[in-house]
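Scroll down for the structure; my scribbles are underneath it.
The values are calculated or read from the model by the stated rules, or taken from the named source; none is laboratory data. All figures in this text were calculated on a predicted structure; none of them were measured in a lab. Glycine also receives a Cβ, built like all others from the backbone with ideal geometry; neighbour counts cover every protein chain displayed.
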Amino acid sequence: MSSPTKKPPIKFARRTSSGRIVSLSRDDDIDLGSHAELTSTSSGGASDYVNYTVLMPPTPDNQPYAAGPTTSKPHDLPPPNAGAKRPGWRGGGREEDGGGGGGGGDGAKLERRMSVMKNNNKSLLLRSETRDFDHNRWLFETKGTYGIGNAFWPQDDGGYDHDGVGMSMSDFMDKPWKPLTRKVKIPPAILSPYRLLVVLRLVFLLLFLSWRVRNPNEEAMWLWALSIVCEIWFAFSWLLDQLPKLNPINRAADLLALRDKFETPSPANPHGRSDLPGIDVFISTADPEKEPPLVTANTILSILATEYPVEKLSVYISDDGGALLTFEAMAEAASFAEVWVPFCRKHNIEPRNPESYFAVRGDPTKNKKRPDFVKDRRWIKREYDEFKVRINGLPDAIRRRSDAHNTHEERQERKLAKEKGQPLDTIKATKAVWMADGTHWPGTWAAPSPDHSKGDHAGILQVMIKTPHHEHQYGAPGDHPYIDLTGVDVRLPMFVYVSREKRPGYDHNKKAGAMNALVRASAILSNGPFILNFDCDHYIYNSLAIREGMCYMMDRGGDRICYIQFPQRFEGIDPSDRYANHNTVFFDGNMRALDGLQGPMYVGTGCLFRRFALYGFNPPLQSFCRCYFSYKHCHTSQSYLRRLSIFSLQKPPEEKYSFKID
């Protein structure tokens, strides 16, 4: 029997008496004597951390007790708590163990715990996506622990804390893991004919190219050679395009499993508060004349009404044009959202873009159970019509307001010049753009001037809807005179208007720069671990689409997914689609095929990013994601993350969780 080698100490995080959690890395050796937090009197002094070590029992990929040609056995291990110290430990054990609890170790129990390693079933415990050993699953299935200092203490080792209340595995593994996503195989009856057709085309293509090479044109050799090179190149390009399509991938998500995992009451979450991570949604617009504010407002409303925890959702709009028209249109949208979003939640409206919802043909009362739906729908339709009138009337309102203020300013300047005896002909009044509160608009003016032109203006950031409270706020009878919101959550997600600063001499008129500005601004205000970006003419067609994307990010192995590209659906296009404007071949064919190679491209919109992938290092963890958002496997290299994962549902195209374009 080989003698056990010396085990390196493994330090863990400790909570000080002041409430701070001090991380003690298992890889870096921290000098306790020089660490002020660990040696201060308030934290209990360095004695709280001296000898605070653990012993790691061998998991199938961690066997520190092997030495030489022989292999250690479970009964060769020292007891789990030998040589370990835990402040406040009261377990009764042998006297020579210092009251550390536990005896010499139960060979049969350890034999059971290590059965996974002995049966060489390590491959069964590998993560399906990353092929890494899953320690959590191994601990759960074998009821193993990582020794003294772990969060879980074996029930038979005696008392625990001062209150003597025991702890069980259910306190930490109260919800067994369920897969949130799966790959759906395409039936061979669909793939086999296509594969056969590709093989036949390839055979005929090779025969044609061989005939072309063996039969040159002697009268025009240079023209023949050029055509041969082009034909071979196009054949090679066609082959590269067809090979990935031989094995496309369909993906499906389980929304019920996501809800059960993160939003169901449990001993660790008795109130059933959502543990889903925060998401920052970015919308970009540049010119209110080319991109009508009404379309942008509808996009904002569809995002504000999406089915996601309100306190975890933050919406940002980037106005690269710096136009007051866009600013006031967004203010009108935020005001209308106070009635539109609760209406959608009350009656489960789909889609939640007002313009698209009221344009849908068919019976609007289908599958609606509330008796007041018809009355509420008639009233909200009238409110939306008035909302459109206000949006469409904003250009004239801003112009009339600015003309009135400019005329008043000109009169004041003429009066002042007349009092000073200056000639009135030299007075030139500035044609400014005025806000509703009687101040100059800091962005772009209708008549460009220094510091107020499209490429030269100050930065603007305005929070239009504050961050909501984490507790639900339900409506009460009488809160609204026309619509009953009793029992409906009336909170709205945070909504922020951003217009980045622009100065002459810098090329900062691109969408990527606007996204960078939103990343920096959102890191200060909300710092959501995930980022979803849209164009201003896109909207969320199904309110559960964001939850669908989170199934992939939060699934086992999802910590290595960099971004998820959602498919797009299009409206207002010729039904025959004679010009392929639906992009069906691209989204439903090429992108699925490239997903098998982890190489689909980012199409510029409708993409869910992991903030870590954009930063290159971990963002500060928020309180709502402390339990599940772990970076222990992340590296500093961004190439470590998977490039993309695109999904599709086994439903008709009009029912897919996707984003549509007006």
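Applying the selection to segment 362-396, what residues are among the hydrophobic types (A, V, I, L, M, F, W, C), free of Cβ contacts under 8 Å to residues at least 40 places away in the same chain and surrounded by 11 or more Cβ atoms within 10 Å (Cβ to Cβ)?
Those that are among the hydrophobic types (A, V, I, L, M, F, W, C), free of Cβ contacts under 8 Å to residues at least 40 places away in the same chain and surrounded by 11 or more Cβ atoms within 10 Å (Cβ to Cβ): Phe373, Val374.
Name the pairs whose Cβ atoms lie under 9 Å apart, with the first residue in segment 586-609 and closer than 19 Å to Leu246 by Cα and assigned by TED's automatic domain parsing to the domain that holds Cys562, the second of a type in the set (Phe, Trp, Tyr) and part of a loop (DSSP other than H, G, I, E, B), and 6 or more positions between them or separate chains?
The qualifying pairs are Asp595/Phe647.
What helices (runs of 4 or more DSSP H) completely inside segment 211-330 contain at least 2 residues that are surrounded by fewer than 16 Cβ atoms within 10 Å (Cβ to Cβ) and either in the same structural domain as Gly513 (by TED's automatic domain parsing) or out of contact with any Asp or Glu (no Cβ under 8 Å at 6 or more places or on another chain) (or both)? Walk me through how you get there before you give the answer.
Details: elements: 221-242, 255-262, 293-304.
By residue number, 221-242, 255-262.
Residue by residue, here is whether (1) among the small types (Gly, Ala, Ser); (2) touching a strand residue (DSSP E or B) at 6+ places or on another chain (Cβ under 6 Å) holds:
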{"site": "Leu485", "(1), (2)": "no, yes"}
{"site": "Lys510", "(1), (2)": "no, no"}
{"site": "Ala517", "(1), (2)": "yes, no"}
{"site": "Leu532", "(1), (2)": "no, yes"}
{"site": "Gln565", "(1), (2)": "no, yes"}
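Restricting to helices (runs of 4 or more DSSP H) lying wholly in segment 346-443: which have 2 or more residues that are within 16 Å of Glu328 (Cβ to Cβ) and at pLDDT below 90? Quick ask: steps written out before the conclusion?
Values: elements: 354-359, 373-392, 394-420.
Hits in segment 346-443: none.
Take Lys431 and tell me if it is surrounded by 15 or more Cβ atoms within 10 Å (Cβ to Cβ), basic (Lys, Arg) and in contact with a helix residue (DSSP H, G or I) (Cβ under 8 Å, 6 or more places away or on another chain).
For Lys431, the condition - surrounded by 15 or more Cβ atoms within 10 Å (Cβ to Cβ), basic (Lys, Arg) and in contact with a helix residue (DSSP H, G or I) (Cβ under 8 Å, 6 or more places away or on another chain) - is met.
Six or more apart or on different chains, Cβ under 6 Å: which pairs go from a residue in segment 190-203 that's without any contact (Cβ under 8 Å) to a residue 60 or more places away in the chain to one that's of a type in the set (A, V, I, L, M) and exposed (fewer than 14 other Cβ atoms within 10 Å of the Cβ)? Could you list them?
Note: pairs meeting the criteria are Arg195/Leu246.
Counting only residues that are aliphatic (A, V, I, L, M) and more than 30 Å from Ala305 (Cα to Cα), how many does segment 429-473 have?
6
Scan segment 474-488 and tell me whether some residue there is outside any loop (DSSP other than H, G, I, E, B), touching a Lys or Arg at 6+ places or on another chain (Cβ under 9 Å) and buried (at least 19 other Cβ atoms within 10 Å of the Cβ).
no
Consider Gly572 carefully, then state whether it is part of a loop (DSSP other than H, G, I, E, B), modelled with pLDDT of 85 or more, out of contact with any strand residue (DSSP E or B) (no Cβ under 7 Å at 6 or more places or on another chain) and not hydroxyl-bearing (Ser, Thr, Tyr).
no
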